[in-house]
Amino acid sequence: MQKPKPMNKFLFLILLIFANVHSEAQILVAQYNFDGNALDAVGNHHGTLTNGPTYTTDRFGNPNSAIFLDGIDDFIILADAITLQANTYTYDLWVNPSSNPGAAQAKCILSIGGNGGDQLMTNAGVDGWNLSGYQNPSGTYNTTSNVPPVIGQWYHVTGTRDLTTATLYVNGVPVDVATFSNGTSPKYGQSNAYIGRRTNNGFVGPQYFHGAIDDLKIYSGINIPLPLDITLFKGEQDNNQTILNWHTANMKNVLGFEIEKSNNGILFEKIGYTEATEKNEYTFTDPQLSDRNNFYRLKIMDEDGQFTYSKTVLVINTEKTEMVCFPNPIHEELNISSSAYPFTYHLYDLYGNEMLTGVSANQQIRVSCASLSKGMYMIKVVSNGEIKTLKFTKE
């Protein structure tokens with residue numbers, strides 16, 4: 001793919017404005033937090049680790065909170081890949097390279113579309129970060145940062161593409177733009193999507209990425225990154241409430257933060273708002289922990305109406321774990337239910353003899369008690385280090 005010719009700053013600004021006018025509203029279709037797994041936090045495009053990717057420290061220093069790829073054969077296959085093939089899109093991620101490819105080579109971070117028609121985010125060696133893709137009805141486009149990244153340093157890299165313009169951002173700053181005829185759409189060759197490699201096995205090869213990746217988001221539509229770094233975001237339980245703290249850096253033209261909450265990490269609702277200040281340190285209190293699992297994220301708003309999301313944090317409400325057994329009394333079967341799962345259970349008689357034990361991967365399990373004599377029993381349910389002892393009677 002040929003790199004577009006350099007353009008002056010005035011034309012660059014005009015193109016950015018033109019791109020914003022023609023961009024559709026963004027929809028977050030996939031999000032990979034890599035917090036010990038490769039699950040899609042907003043949809044069903046779950047990742048399958050292939051050839052041994054490992055979890056590593058993220059940019060905040062949290063262990064097992066980013067994915068590391070060895071540059072040899074590690075990659076991740078994304079499920080339901082065809083639904084990631086949008087006509088306008090945004091790829092947004094944090095990336096920490098462990099090596100740079102040589103001249104005219106690339107290491108592929110994200111590939112959607114397969115042989116002869118993929119849309120790519122890469123580390124392109126001497127050209128630095130790269131967003132490129134095939135076009136319909138023909139042709140390709142290419143954008144580069146023109147500066148190779150520093151090894152071992154985290155970068156926020158974003159690529160956007162609508163029907164007239166593709167723009168590459170590094171750390172929230174636009175660094176290159178490619179333009180094409182109005183109505184030109186992306187070309188997708190196959191229903192493939194990979195993190196950490198390209199589909200091709202021919203001349204260019206798979207182009208395996210070497211380094212760490214975190215907080216990868218894929219949008220349908222344009223989501224322009226904000227010039228802002230969240231250097232700390234955490235939540236802690238305080239009695240029956242949550243205290244959220246976050247710190248920012250390199251903030252420019254940020255209006256404020258909407259605080260969103262979810263009990264499943266997928267469907268969020270707004271619970272508050274905090275205006276941006278020059279202090280760069282913020283605190284918000286959620287007065288009610290209503291569920292066992294409490295997920296929080298920040299919707300970061302700028303002065304032009306654009307927004308982006310922070311990483312999601314989980315606060316576990318240890319006071320809200322509910323463990324019950326029913327019916328009581330029983331005849332043949334006992335149902336054990338816990339709001340925190342998986343859980344283990346241990347059933348004892350009144351003399352402390354263990355009669356039954358087992359593990360449930362789900363919220364509820366049905367246990368046969370046909371072998372038990374009539375009388376009173378105790379059952380101990382254990383989940384996430386919490387223990388609750390219940391009593392029931394068999395008739």
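The values are calculated or read from the model by the stated rules, or taken from the named source; none is laboratory data. As the structure is a prediction and not an experimental result, all values here were calculated from the model. Reconstructed Cβ throughout: ideal geometry from the backbone, glycine too, with neighbour counts over all protein chains shown. What goes into the accessible areas is simple: the full protein's heavy atoms, side chains included, and nothing from ligands, DNA or RNA. Shrake-Rupley method; radii C 1.70, N 1.55, O 1.52, S 1.80 Å.
Checked against (1) open to solvent by 50 Å² or more (accessible area, probe 1.4 Å); (2) over 24 Å from residue 61 (Cβ atoms), residue 237 passes all but condition (2). Does the stretch 119-161 hold any residues that are touching a Lys or Arg at 6+ places or on another chain (Cβ under 7 Å), under 25 Å from residue 308 (Cβ atoms) and either assigned to a loop (DSSP other than H, G, I, E, B) or open to solvent by 10 Å² or more (accessible area, probe 1.4 Å) (or both), and which are they? Hits for the stretch 119-161 are 142, 154. The single residue among 362, 335 that is under 41 Å from the mean Cα position of the chain (by Cα), more than 14 Å from residue 379 (Cα to Cα) and either exposed (fewer than 13 other Cβ atoms within 10 Å of the Cβ) or not basic (Lys, Arg) (or both) turns out to be 362.
Out of the residues in the stretch 53-88 that are among the aromatic types (Phe, Trp, Tyr) and within 28 Å of residue 232 (Cα to Cα), state the one that is surrounded by the most Cβ atoms within 10 Å (Cβ to Cβ). If we take residues in the stretch 53-88 being among the aromatic types (Phe, Trp, Tyr) and within 28 Å of residue 232 (Cα to Cα), then 68 is surrounded by the most Cβ atoms within 10 Å (Cβ to Cβ). Against the test of being open to solvent by 50 Å² or more (accessible area, probe 1.4 Å) and out of contact with any helix residue (DSSP H, G or I) (no Cβ under 9 Å at 6 or more places or on another chain), the options 324, 367 yield a single qualifying residue, 324. When 390, 372, 289, 334 are checked against the criterion of being of a type in the set (A, V, I, L, M, F, W, C), over 30 Å from residue 234 (Cα atoms), outside any strand (DSSP E or B) and in contact with a strand residue (DSSP E or B) (Cβ under 8 Å, 6 or more places away or on another chain), 372 stands alone in meeting it. Can you say whether residue 231 is under 30 Å from residue 74 (Cα atoms) and polar (S, T, N, Q), as far as the supplied structure shows? So residue 231 fits the description; yes.
Of the conditions (1) at pLDDT 90 or above; (2) closer than 22 Å to residue 133 by Cα; (3) of a type in the set (Asp, Glu), residue 24 fails just one. Which one is it? Unmet for residue 24, out of (1) at pLDDT 90 or above; (2) closer than 22 Å to residue 133 by Cα; (3) of a type in the set (Asp, Glu): (1). Exactly one residue out of 357, 393, 389 is touching a residue at least 12 places away in the same chain (Cβ under 8 Å), open to solvent by 50 Å² or more (accessible area, probe 1.4 Å) and of a type in the set (Val, Ile, Thr): that is 357.
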